[in-house]
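In what follows, a structure is listed as structure tokens, so that the remarks can point back to it.
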């Protein structure tokens, strides 16, 4: 773990104590390497923000991962008045808290006795909660063990690196010492050779040479001792510098790795969010383009149907006018036919009356009624067949009249196997109107989405 890890607080107790103080107990996680300041409790009371500092009885409020932590805040009012409480222990560490409770509210007995079913349900709920709590505790202990093992492994690695540096420094010191011993041995050998040579040259100079040689050896030994001390001090300084450098590099590497990991996670999250927004934008633009195209198509279809409807209305008006003219002509022919029938009936009655006045001839032929002669009329009776007179109802002009579906009168006088143009246009207009309504409904539904 590094100092950049977010801190979390597990609340175990937050209530108003007997000494008019709010007691907050819990455990911190992810606070390794952090330094806490004086805790502050921030909340909303009566619509205003208030800040309460912790009492100094538990100073310095040091926090360890998973260890019990306590802070006490002096408070004399009703804890229920605190809204959205928050705990601040460092400039970058602020955690939300649940609403505080009072000991009286926690120990308030129930006013009604629990039923057996409720008690069994409560016992099952309690057992389930206890099992969940045990599972959470086991998970917590497992995480703490893993954390402890990770810390021990990191400490072992650091100790191993320190031991390696110490071993390297020790080897270097031993090498320097051996080199100094070799130099001193060579110097002693050279002095002994010089003394033997001087003893062979002259006896009188023996004492002086021995004195000079002793002084030289003493100076050389002092110089060797001083060199060895300087070398030792230099190696110790190099060892301390290397140790400090290793620790500094280790801390920098951990901070850099944590910062890189954090930035990588943030960058990946931003890239994913950007891609998601881009896909949603493309889908929305595609839907808008499709809706615009469908709207344009629907408008073109509406215009076309409107033109066809206008043409159908004009054709229907022409057919209505032609039908009215045919009705007028048929009425005129019917009146003429009725007048001819009345005239024929009158002539037949007159002939019947004349035949009844004729007397039978004695001994002659039997009386045979005279057949009426064909009526000489300008209008033949067999030309126009008898038919009930149709009702003269003039339908209203416009699309409303077409939609009623009333039959047209001129269709009765039309030969079999033919169809009225007005009926054809009426069917077409109804179909186009239904299609237009369906297109408009679909366009409205798509635009509503």
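Please treat every number below as a calculation from the coordinates, not as lab data. Fair warning: this is a prediction, and the values are worked out from it, not measured in the lab. In this analysis, Cβ positions are derived from the backbone assuming ideal geometry, glycine residues included, and neighbour counts consider all displayed protein chains.
For the reader, a short list of remarks on this structure follows.
- Estimated inter-spin distance, residue 350 and residue 76, nm [label 7 Å along Cα→Cβ]: 13.7
- Label-point gap, in nm, between residue 448 and residue 289 - each point 7 angstrom along Cα→Cβ: 2.7
- The alpha carbon convex hull volume per residue for the range 1-105 rounds to 95 Å³.
- Based on the Kirkwood approach, the hydrodynamic radius assigned to the range 149-283 is 21.2 Å, with every pair of different Cα atoms included.
- Placing pseudo-labels 7 Å out from each Cα toward the beta carbon at residue 221 and residue 127 gives an inter-label distance of 9.0 nm.
- Ellipsoid semi-axes for the range 281-326, based on the Cα gyration tensor and the rule √(5λ), read 43, 5, 4 Å when sorted largest first.
- D_trans [Stokes-Einstein, Kirkwood Rh over alpha-carbon pairs] for the range 120-165, 10 °C, 1.306 mPa s, µm² s⁻¹: 120
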